[in-house]
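The values are calculated or read from the model by the stated rules, or taken from the named source; none is laboratory data. Here the structure is a predicted model, which means the values were calculated and not measured. Note: ideal-geometry Cβ built from the backbone for every residue, glycine included; neighbour counts use all protein chains shown. The accessibility values were calculated without ligands, DNA or RNA, using every heavy atom of the protein model including side chains. Shrake-Rupley method; radii C 1.70, N 1.55, O 1.52, S 1.80 Å.
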Amino acid sequence: MKLAVLPPLALYVHIPWCVRKCPYCDFNSHERGGSLPEKEYVGKLLEDLESLLPSVWGRRLCSVFIGGGTPSLFSPESIDVLLAGVRARLTVEPGAEITLEANPGTVEAARFRGFRDAGVSRISVGVQSFDDAMLKALGRIHGAAEAKRAVEAALAAFDNVNLDLMYGLPGQSIGMARADIEAGMASGVPHLSAYQLTIEPNTVFFSKPPKLPEHDLCADMQVMAEETLARSGFEHYETSAFARPGHRCRHNLNYWEFGDYLGIGAGAHGKISFPERITRHSRIKQPREYLAADSTLAEEKTIDAAELPFEFMLNALRLPYGFPAGLFQDRTGLALTSIARPLQAAEEKGLLERDLKRIRPTPKGQRFLNELLELFLPR
């Protein structure tokens with residue numbers, strides 16, 4: 001493999017603390033016990049970033065995403081120190097998208113303004129539902145009224161706001177799911193993410209599973225969300241993402257188009273391309289161990305060339321409109337002919353369509369994405 005041009009570079013920052021861990025959450029998040037070590041943690045984040053600089057000399061950041069956990073638990077002052085430290089170490093492109101995740105119950109209007117003044121340009125609010133009963137079933141710490149106030153406060157400070165919603169919730173009907181989607185649209189946000197609740201290992205729901213809607217009903221909820229949002233001018237540009245024109249999430253698009261990203265913070269993962277190889281790295285997961293370590297690097301490895309087609313497709317085929325045919329070689333260094341057999345098999349199964357310019361999943365391929373992706377696994 002040989003990369004002629006390196007892809008865009010983003011930065012992911014992980015802040016692992018939350019007020020209370022939700023029973024469905026399998027992210028690296030840890031309940032806050034007393035005051036947070038904000039100053040110490042921000043210092044460690046910047047040490048992480050410095051350790052990665054030799055791998056990305058001369059490259060610029062196209063976006064920054066501060067995720068968690070609940071990053072909005074950190075003060076605007078700490079986020080200001082973090083972003084100033086990032087800019088002191090790497091060039092950030094003018095107008096770069098800088099996102100911070102926030103949960104209702106951890107923010108108010110003044111705090112949102114503080115994040116904006118620190119340099120954040122996009123807020124992602126984890127509402128999940130506007131139904132009190134559904135929020136209780138999910139173990140969320142906020143209610144519907146608090147969720148609406150948080151979205152209003154975010155929109156008062158930011159033009160670019162995402163709202164996370166979930167469907168397929170315990171005891172949820174399709175009418176209840178539609179009410180959540182309609183409430184999300186009515187709030188005025190230009191971006192919505194709609195995810196189906198799935199039961200993941202190492203969660204409370206995995207050990208004590210709630211009764212969820214049947215698979216066919218969840219599929220109907222997905223179709224309903226897509227059709228309802230489309231009628232209101234939201235573009236369905238990724239499996240779970242919907243945006244008004246000009247408001248696609250640039251950071252996540254970089255993931256889906258197999259771009260590069262640095263990962264800093266407890267449990268963060270990253271991907272860095274070089275002309276002759278593509279590597280992945282991860283950080284120590286436990287916050288206490290992460291803060292105490294001289295080196296926070298947990299793993300670094302080169303992706304085997306045989307695994308690159310699946311890694312690329314795992315991301316790119318989440319895009320309903322697919323990807324330019326030349327992007328596969330640009331991002332993997334492999335010729336498109338190297339995956340001729342799985343491409344043909346996907347077409348024969350009606351999961352994929354392509355022409356000289358573009359490769360995209362069919363509507364059937366979008367519905368049966370796992371079946372499509374399996375075709376690109378290393379043999």
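Here are the numbers:
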{"read-out": "Residue 269 accessible area, assembled protein chains, probe 1.4 Å, Å²", "value": "110 Å²"}
{"read-out": "With at most 11 other Cβ atoms within 10 Å, longest stretch of the chain clear of loop chymotrypsin sites (Phe, Trp or Tyr not before Pro) (DSSP)", "value": "58-320"}
{"read-out": "Lys, Arg +1 and Asp, Glu -1 on Cβ, resulting dipole of the stretch 68-165 about Cα centre, debye, nearest 20", "value": "120 debye"}
{"read-out": "With all protein chains modelled, accessible area of residue 373 [1.4 Å, Å²]", "value": "10 Å²"}
{"read-out": "Solvent-accessible area per residue, Å², over the chain with all protein chains present [probe radius 1.4 Å]", "value": "45 Å²"}
{"read-out": "The chain, accessible surface, carbon-and-sulfur percent (1.4 angstrom probe)", "value": "51 percent"}
{"read-out": "Spatial separation of Cα centroids for the stretch 142-156 and the stretch 256-291, in angstrom", "value": "33 Å"}
{"read-out": "Semi-axis lengths, Å, the stretch 135-192, gyration tensor of Cα atoms, sqrt of 5 times eigenvalues", "value": "21, 14, 9"}
{"read-out": "Partners for residue 39 among lysines (Cα-Cα distance below 26 Å; same-chain residues under 8 apart left out)", "value": "21, 285"}
{"read-out": "Three-way shape call for the chain based on the alpha-carbon gyration tensor, with the a/c threshold at 1.5", "value": "oblate"}
{"read-out": "Total charge dipole magnitude, the chain, about the Cα centre, Cβ charges on Lys, Arg, Asp, Glu only, Debye to nearest 20", "value": "260 debye"}
{"read-out": "DSSP-defined beta bridges in the chain - what % are antiparallel, rounded to 5", "value": "40 percent"}
{"read-out": "Those trypsin sites (Lys or Arg not before Pro) in the stretch 331-376 that DSSP places in a loop and that have at most 15 other beta carbons within 10 Å", "value": "349, 357"}
{"read-out": "Environment charge at residue 124 (Cβ cut-off 10 Å; Lys +1, Arg +1, Asp -1, Glu -1)", "value": "-1"}
{"read-out": "For the stretch 191-261: rounded, prolate or oblate by the Cα gyration tensor [a/c cutoff 1.5]", "value": "oblate"}
{"read-out": "Shape of the stretch 39-161, Cα gyration tensor, a/c cut at 1.5", "value": "prolate"}
{"read-out": "Reciprocal mean inverse distance between Cα atoms of the stretch 174-303 - Kirkwood radius, Å", "value": "18.0 Å"}
{"read-out": "With all protein chains modelled, accessible area of residue 165 [1.4 Å, Å²]", "value": "0 Å²"}
{"read-out": "Leading residue at positive end of dipole, the stretch 158-238 (Cβ point charges), from 232, 217, 190", "value": "217"}
{"read-out": "C-alpha center-to-center spacing [the stretch 1-71, the stretch 203-252] in angstrom", "value": "25 Å"}
